[in-house]
Amino acid sequence: MDVISHFRQESRTYAALGFVAICVIVLPVVIDSIWVKVLTSAVIFTLAAYGISLLYSQLGLVNLSQVALIGVGGWIMLRLNYAVQLPFELNLLVSAVITAFIGMILALPAMRMKGLYLALITLMVAGGFQIIFSAIQFPNGGAGFLGVALQSPGEMRRPLIAESDTAYLRYSIIVVVLGVMLAAAHNRGRPGRAWAMIRKSEANAMAAGVNVTLYKLWCFTLSGFLAGVSGGLLAGALKILDAKSFPAGESILLFALSIVGGVGHWMGAVIAGFLYRVVPAIFNNIGIDADLSLVIFGAALLHAIMTAPNGIAGQLSSLFQSLGRQNK
Amino acid sequence: MIRISDLSVHFGGVVALDNITVDIKDDIVGVIGPNGAGKTTLVNVLSGFVLPDSGTVDVEGVDLLSLAPHKRARWGLARSFQKVQTADNLTVADNIWVSLDTSASPGMKKHAALNRVLDYVGLADMADVPAHKLNPCQRRMTELARCLVASPRIVLLDEPGGGLSEMEVDKLRQVIGNIKTIFGAQVLLIDHDVELIKSVCSKTMVLDFGELIAFGPTETVLQDENVKAAYLGTEIKV
């Protein structure tokens, strides 16, 4: 690797570390309790958005069921919380693994499809989960397998080291960073190479010995895993989940915002999470109808599709690069 | 040795390959023929992208047609495509690594294999360059390096010389000519460039409308009247 690209790589790593350090150390101190909750939610959705971004940037596949999978992760997390007295981390891991498995099963019929048809199938899956959640509700400590009671008799436990909202925000940031690092390690390694080859041409990938079906499933599974972690964290953050919070339309919105943020870059997922959760909260705060944010998101999506294929993250990245060149 | 017996492929009413039977023993064998003769179909059948209607392909006792395309690659069958296929967002080295990931034999020293093949195709100082910055010849060489890196048994090259300048074809000639000596693989080379075929292929097979109309030493085949007629047509005397 030549010196310039090595330097660029290093400066990118430092920028990411600096960003995370500010989020973990400074943010929870300077914002008040309502914004801690909003930011926690934004951080959690960042990870799910990174899952969408992974599938789209690596394989060009559209996944419109990510919010439904967050719901699945949340449901399993709540179910485990009331069923077993295991540590939060273990429950989170099990929820994520089961969600990943469900994501993989749902991806099986989609393996031979691309583009609009795949998007439609994933949207139908999201619609299916919307109905299932309305029918069975989320566990809140009641009796039976479904565990639903009229009034919650139990409580969703948080990690021992992160009982308070502020601590839970820090905790969520660290878990999300670990999740993004897991996906980034995939991108840089053997799966990332195979995905890039499949995206270029499936025939070429097969000719190079890549098992195309396996690697596509792998990507779906990893994306589902990230959604599962998000769902588990969300259950911990809100302590109770509402079946109305996971409609199919939300998955479309999160996908659209991932495109606006910029796929293929962790910053794009951060921007998506911010737009998805923080912008409507800011509007509410200053007395504007939060639904107005949808109009802005729509305009931003048009802008991204027409002029910024790498999203806001791509624009910021080229801005910094050109500033760097000017300073030389 | 590649033993092809009674191989036929139909696309609807079109006969793409018509009862091809041939034993290919030589190190580098050329496949020529006019457009639409069935050359690429032959490569697609061998690499698993087209299922034949009938026939068998046997290589060293292995029934090639029974394997899925990616398993053929892992077994040792590498191929390039007419339109060069490098993943633009990967570096040259990563493009080549894909084959090492899937097809390297156990115990193979992968980094050594990568450096050897990069040296061989002349891309040693470009390992970390993203593929979108390469010129067409460098892309072609990257693809060839990917085909060769995991020590394949058979390499199928589908018009590797297409779109290259004369100097670049000279370089390609050297690269293809030494594959057997350096990597031990048998090569099947499709190309329209008769000079390239003449200089590297000891034997050549000629296809026309899906039929094998000639197979033998390249010089002899190129002088064959049937072959000339297939390429140039026959004179009609009035």
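The values are calculated or read from the model by the stated rules, or taken from the named source; none is laboratory data. Remember, predicted model here, so these are calculated numbers, not experimental data. Here the Cβ positions follow ideal geometry from the backbone for every residue, glycine too, while neighbour counts run over all protein chains shown.
Annotations
- Test: A:Val263 is outside any helix (DSSP H, G or I) and surrounded by 13 or more Cβ atoms within 10 Å (Cβ to Cβ): yes
- Flag: A:Phe255 matches the condition of being touching a residue at least 60 places away in the same chain (Cβ under 8 Å), part of a helix (DSSP H, G or I) and more than 30 Å from B:Cys147 (Cβ to Cβ).
- Within region A:149-165, the only residue that satisfies the criterion of being of a type in the set (Gly, Ala, Ser), within 16 Å of A:Val36 (Cβ to Cβ) and at pLDDT below 85 is A:Ala162.
For (1) at positive phi; (2) in contact with a helix residue (DSSP H, G or I) (Cβ under 7 Å, 6 or more places away or on another chain); (3) part of a loop (DSSP other than H, G, I, E, B), each residue gets a yes or a no:
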site: A:Cys23; (1), (2), (3): no, yes, no
site: A:Phe45; (1), (2), (3): no, yes, no
site: A:Ser57; (1), (2), (3): no, no, no
site: A:Val62; (1), (2), (3): no, yes, yes
site: A:Trp75; (1), (2), (3): no, no, no
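- As a summary of the residue check, A:His186 satisfies the conditions (1) modelled with pLDDT of 90 or more; (2) farther than 30 Å from B:Ala93 by Cβ except for the one numbered (2).
- Odd one out for B:Pro69 among (1) more than 8 Å from chain A (Cβ to nearest Cβ); (2) closer than 21 Å to B:Leu7 by Cα: (1)
- Odd one out for A:Leu120 among (1) within 14 Å of another protein chain (Cβ to nearest Cβ); (2) under 27 Å from A:Ala256 (Cβ atoms): (1)
- Index of the failed condition, B:Ser54 passing every other in (1) of a type in the set (Ser, Thr, Tyr); (2) within 14 Å of chain A (Cβ to nearest Cβ); (3) over 16 Å from the mean Cα position of the chain (by Cα): (2)
- Within region A:273-328, helices (runs of 4 or more DSSP H) holding 2 or more residues that are in contact (Cβ under 8 Å) with a residue 24 or more places away in the chain: A:292-307, A:311-326
- Residue that is surrounded by the fewest Cβ atoms within 10 Å (Cβ to Cβ) [pool: residues in region B:140-151 that are more than 9 Å from every other protein chain (Cβ to nearest Cβ) and within 20 Å of B:Lys180 (Cβ to Cβ)]: B:Ser151
- Count of region A:82-113 residues which are crowded, with 17+ Cβ neighbours inside 10 Å and modelled with pLDDT under 90: 4
Residue by residue, here is whether (1) of a type in the set (A, V, I, L, M, F, W, C); (2) in contact with a Gly (Cβ under 6 Å, 6 or more places away or on another chain) holds:
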| residue | (1), (2) |
| --- | --- |
| A:Phe283 | yes, no |
| A:Asp289 | no, no |
| A:Leu292 | yes, no |
| A:Phe297 | yes, no |
| A:Asn310 | no, yes |
| A:Gln326 | no, no |
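- The condition (being within 14 Å of B:Asp27 (Cβ to Cβ) and among the hydrophobic types (A, V, I, L, M, F, W, C)) is satisfied by just one residue among B:Leu196, B:Leu189, B:Leu164: B:Leu189.
- Residue match in region A:212-231 (condition: away from every other protein chain (no Cβ under 14 Å) and either at pLDDT below 90 or over 30 Å from B:Asn89 (Cβ atoms) (or both)): yes
- Some residue of region A:84-92 being in contact with a helix residue (DSSP H, G or I) (Cβ under 7 Å, 6 or more places away or on another chain), in contact (Cβ under 8 Å) with a residue 60 or more places away in the chain, under 25 Å from A:Phe320 (Cα atoms) and in a helix (DSSP H, G or I): no
- Unmet requirement for A:Gly103, which otherwise passes all of (1) assigned to a loop (DSSP other than H, G, I, E, B); (2) within 24 Å of A:Pro191 (Cβ to Cβ); (3) among the small types (Gly, Ala, Ser): (1)
- Pairs, first touching a residue at least 40 places away in the same chain (Cβ under 8 Å) and facing chain B (nearest Cβ under 7 Å) in region A:196-208, second outside any helix (DSSP H, G or I) and of a type in the set (S, T, N, Q), C-beta under 7 Å, six or more apart: A:Ala196/B:Asn89
- Answer residue from region B:90-126, given it is modelled with pLDDT under 90, surrounded by fewer than 18 Cβ atoms within 10 Å (Cβ to Cβ) and within 14 Å of chain A (Cβ to nearest Cβ) and is nearest to the chain's Cα centre (by Cα) among those: B:Ser105
- So A:Ala256, is it away from chain B (no Cβ under 14 Å) and touching a helix residue (DSSP H, G or I) at 6+ places or on another chain (Cβ under 8 Å): yes
Conditions (1) part of a helix (DSSP H, G or I); (2) surrounded by fewer than 16 Cβ atoms within 10 Å (Cβ to Cβ); (3) at pLDDT 85 or above; (4) β-branched (Val, Ile, Thr), marked per residue:
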position: A:Gly141; (1), (2), (3), (4): no, no, no, no
position: A:Gly144; (1), (2), (3), (4): no, yes, no, no
position: A:Leu169; (1), (2), (3), (4): yes, no, yes, no
position: A:Val176; (1), (2), (3), (4): yes, no, yes, yes
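- When residues of region B:127-139 are limited to those that are free of Cβ contacts under 8 Å to residues at least 40 places away in the same chain and charged (D, E, K, R), the one surrounded by the fewest Cβ atoms within 10 Å (Cβ to Cβ): B:Lys133
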